[in-house]
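Encoded as structure tokens, the structure appears first; notes follow it.
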Amino acid sequence: MLVQLDADEAVLEQREVQAAARATGKQLIVFDVNNAADIENAFATMATRGAGALYVGTGPFTNSHREQLSELAARNAIPAMYSLREFVAVGGLMSYGASITDAYRQAGIYAARILKGEKPADLPVMQSAKFDFVINLKAAKALGLTVPPSLIALADEVVE
């Protein structure tokens, strides 16, 4: 798992991923990445340790380095899961996470309500209600993976 640990959401996400790893009997290695060199070093370690899969955590740092992360996962033949569809758009294998487009739409609705005079403290807390599951079949083929039709049927978008 790659995360930037100074982000609150990354700390919470890491706890959840650690719990899932324990529940499934998988070993989890967490890499705290804060710059491009950290990313390169993390992938070098994954390669030497024979990592079987990768989950890239949420956050502005990982999102802004999505091209590098996707390219290194492909180069090292590590199947990777991402939290945003934008990673799949640049060659990543698959993503599942809150729709950023929907979140921005909700933010616009909130801004309009505030501009019309509503007090921010009176507005309800919103959580993401729309999640996107995206699969990149080209990336899967490059990794030698066959994506089952049942998984493809569940996807919101399939990149071919």
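The values are calculated or read from the model by the stated rules, or taken from the named source; none is laboratory data. Because the structure is a prediction, the values reported are computed rather than measured. Cβ: placed from backbone, ideal geometry, glycine included. Neighbour counts: every protein chain shown.
Looking only at the stretch 115-136, how many residues end up being surrounded by 12 or more Cβ atoms within 10 Å (Cβ to Cβ) and either over 17 Å from the mean Cα position of the chain (by Cα) or among the acidic types (Asp, Glu) (or both)?
3
For (1) touching a helix residue (DSSP H, G or I) at 6+ places or on another chain (Cβ under 8 Å); (2) among the polar types (S, T, N, Q); (3) at pLDDT below 95, each residue gets a yes or a no:
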{"site": "1", "(1), (2), (3)": "yes, no, yes"}
{"site": "19", "(1), (2), (3)": "no, no, yes"}
{"site": "90", "(1), (2), (3)": "yes, no, no"}
{"site": "100", "(1), (2), (3)": "yes, no, yes"}
{"site": "109", "(1), (2), (3)": "no, no, yes"}
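Can you tell me which residue among 83, 95 is modelled with pLDDT of 95 or more and either closer than 30 Å to residue 50 by Cβ or not aliphatic (A, V, I, L, M) (or both)? Walk me through it before giving the result.
Working: 83 fails: modelled with pLDDT of 95 or more.
Answer to the selection: 95.
Among the residues of the stretch 47-68, write down those that are of a type outside the set (Ser, Thr, Tyr), under 11 Å from the mean Cα position of the chain (by Cα) and within 21 Å of residue 27 (Cβ to Cβ).
54, 56, 57
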